[in-house]
1. Quick check on my filter: what residues within segment 304-350 are small (Gly, Ala, Ser), more than 18 Å from Thr152 (Cα to Cα) and out of contact with any helix residue (DSSP H, G or I) (no Cβ under 8 Å at 6 or more places or on another chain)?
2. Which residue pairs have Cβ atoms closer than 9 Å, lie 6 or more positions apart in sequence or on different chains, and pair a first residue in segment 264-291 that is over 23 Å from Val325 (Cβ atoms) with a second residue that is open to solvent by 30 Å² or more (accessible area, probe 1.4 Å) and acidic (Asp, Glu)?
3. Which residue pairs have Cβ atoms under 7 Å apart, sit 6 or more places apart or on different chains, and have a first residue in segment 20-44 that is under 15 Å from Val55 (Cβ atoms) and a second that is hydroxyl-bearing (Ser, Thr, Tyr)?
4. Could you check segment 268-287 and list, in sequence order, the residues that are among the polar types (S, T, N, Q) and at pLDDT 95 or above?
5. Hey, Asp238 hits all of (1) in a helix (DSSP H, G or I); (2) out of contact with any helix residue (DSSP H, G or I) (no Cβ under 6 Å at 6 or more places or on another chain) but one; which does it fall short on?
6. With respect to the numbered conditions (1) touching a Lys or Arg at 6+ places or on another chain (Cβ under 9 Å); (2) over 27 Å from Ala165 (Cα atoms); (3) of a type in the set (Ser, Thr, Tyr); (4) at pLDDT 90 or above, which one is the sole condition not fulfilled by Thr265?
Amino acid sequence: MGRTDRVLIVHGDPAVRREIENVVRRAHKHSIAARHAGTAGAAVQLARDFDPRIVLLDLVQDRALALSVAKELRRPDRLLIGLVNPLMDGGAGAEAEFLRQAVRAGVSDFVSLPLSDTEIAAALETAPQAGPSAHEGRAIAFFGHQGGVGTTTLAINTAIAIRVAEQNRTVAIMDANIQFGCVAAHLGMVPERDLGDAIRELDLGPMFPLPSTGSDAPISLLASPLDPRAAEMVTPEDASRVVIELRRRFNTVVIDTAPVLDLMTLSVLDLSETVVVVTEPLAPVIAGTARLLGMLSGLGFSDDRVRLVVSRYRDAPDVLSAAVVAQQLNRAVDHVVPFMMPVTAGTHRGIPAIFERGTAPFTDAVKRLARDVTHGAGVARGKV
């Protein structure tokens, strides 16, 4: 399963930063989650919150400040690339001395602006090769472009299935449907603190302990803000910080997202190793899913990072077969999850379907999905 590298781009010109990101997305062999900083102070603060694996740092505008930032950001598991001007002033001797100072400050490679795909690809080859570090878990985001297709139900039950399968694995579920999330209601919980509280506490230190579902397979819950007005204060950067903190604290973080591909959702998808796209086998929904998959591809989400799940599948005249769905979307269907009335009944009562009687076909499909997203391509997915 592909990994995602967090990349911090530090340059004073927003247009240059965007162009650098575009080149890195094309040239890097892994997916990236990128953040931009226009000043040294912003770079240091972003690095603390975002914890980038790769930093591209402008060494042209203010050299003394750039060297100071490099010293602040250097770390054994981080690749620090200096952005230089091939026509730097000052003479060969002065430039050689500056580059030596940059190396001592922690810069391990240099690339010239404007970037070339070949040059940056060669520099990125030296990035730390591990996936999530030993202290960092895996994030799995569930996204459906339309409400009512079962995205939240699948996210919750997959999180529980992961915990059931591996009792020593710590699992959290985050409700990233910031304004109108309902994960807590699906679980029959009314948490005292939520995402808004977590963001405020992160500014002061470690995030507070998360409430547990208290079931036979307990998972921790970070609910969306209980007050929709408080949700208006949550930024994409806040959501990123929370995901990173959860990955430090849990082996697996399952994220339920809002059915809109905005900056908030993208900030979460960017930091997820796997994006589970949930759709329903109805012609209008599949048409929207086709557009969504095209958008994700254009944003750099590779096929091996995306799982396509056909949810609420049933044998009915108005329902497309999984084979037709695969043909319409021009890609394999990774998982098919059947529609079952007991699943809906359990949801209405705040009980996860995986604990309901008479849901065996649904539960079996969710368990296969859980094995896939936690263990990757080595698990047979039964593609259609």
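1. Here is the first cut: in segment 304-350, the residues small (Gly, Ala, Ser) are 311, 316, 321-323, 326, 332, 345-346, 350.
Still in the running and more than 18 Å from Thr152 (Cα to Cα): 316, 321-323, 326, 332.
Residues satisfying the conditions are Ala316, Ser321, Ala322, Ala323, Ala326.
2. Ser267/Glu237
3. Partner pairs satisfying both residue conditions: Ile32/Thr4; Ala33/Thr4.
4. Filtering segment 268-287 down to residues among the polar types (S, T, N, Q) leaves 272, 274, 279.
Of everything in segment 268-287, just one residue is among the polar types (S, T, N, Q) and at pLDDT 95 or above, namely Thr279.
5. With respect to (1) in a helix (DSSP H, G or I); (2) out of contact with any helix residue (DSSP H, G or I) (no Cβ under 6 Å at 6 or more places or on another chain), Asp238 is out only on (2).
6. That leaves (1) as the condition not met.
To keep it simple, each residue is scored yes or no on (1) of a type in the set (Gly, Ala, Ser); (2) touching a strand residue (DSSP E or B) at 6+ places or on another chain (Cβ under 8 Å); (3) open to solvent by 30 Å² or more (accessible area, probe 1.4 Å).
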{"residue": "Val7", "(1), (2), (3)": "no, yes, no"}
{"residue": "Gly12", "(1), (2), (3)": "yes, yes, yes"}
{"residue": "Asn22", "(1), (2), (3)": "no, no, yes"}
{"residue": "Arg25", "(1), (2), (3)": "no, yes, yes"}
{"residue": "His28", "(1), (2), (3)": "no, yes, no"}
{"residue": "Leu46", "(1), (2), (3)": "no, yes, yes"}
{"residue": "Asp49", "(1), (2), (3)": "no, no, yes"}
{"residue": "Pro52", "(1), (2), (3)": "no, yes, no"}
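The values are calculated or read from the model by the stated rules, or taken from the named source; none is laboratory data. Please read these numbers as outputs of a predicted model, since none were measured by experiment. Using ideal geometry, Cβ is built from the backbone for each residue, glycine included, and neighbour counts are taken over all protein chains shown. All accessible areas refer to the heavy atoms of the entire protein, side chains included, with ligands and DNA or RNA removed. Shrake-Rupley method; radii C 1.70, N 1.55, O 1.52, S 1.80 Å.
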